[in-house]
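The values are calculated or read from the model by the stated rules, or taken from the named source; none is laboratory data. Keep in mind the model is a prediction, meaning the values are calculated, not measured. Here the Cβ is made from the backbone with ideal geometry for all residues, glycine too, and neighbour counts use every protein chain on show.
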């Protein structure tokens, strides 16, 4: 199996952060999609690390989640795993 690229790991990590913030504020994927004027499937794909989000999407999500856009790219401190991978791997992607 091919080694994930740094960009792919970053995309997966950002998706995990969207999910973490969404759950923290108590939104469903459907409600978040509605607030951002997206379809729910788009939120599902973002959280699964399947979407290379443009800046405009990052800003819309951050606004709906009530967080600064940069928070979607900060390393998580509480979860032990991000999309089934150890946080260490996610942090290594940012070196």
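Condition first: assigned to a helix (DSSP H, G or I) and either farther than 20 Å from residue 73 by Cβ or without any contact (Cβ under 8 Å) to a residue 12 or more places away in the chain (or both). Now tell me which residues in the stretch 30-43 satisfy that.
30, 31, 33, 34, 35, 40, 41, 42, listed by residue number.
Working carefully through the options 45, 60, 74, 95, find the one that is under 22 Å from residue 8 (Cβ atoms) and modelled with pLDDT of 95 or more.
Going through 45, 60, 74, 95 in turn, just one is under 22 Å from residue 8 (Cβ atoms) and modelled with pLDDT of 95 or more: 45.
Any idea how many residues of the stretch 1-24 are touching a helix residue (DSSP H, G or I) at 6+ places or on another chain (Cβ under 6 Å) and either surrounded by fewer than 17 Cβ atoms within 10 Å (Cβ to Cβ) or without any contact (Cβ under 8 Å) to a residue 40 or more places away in the chain (or both)?
Total satisfying the criteria: 1.
State all residues of the stretch 25-42 that are crowded, with 17+ Cβ neighbours inside 10 Å and out of contact with any helix residue (DSSP H, G or I) (no Cβ under 6 Å at 6 or more places or on another chain); if no residue qualifies, say none.
Passing the criteria: 27, 38, 42.
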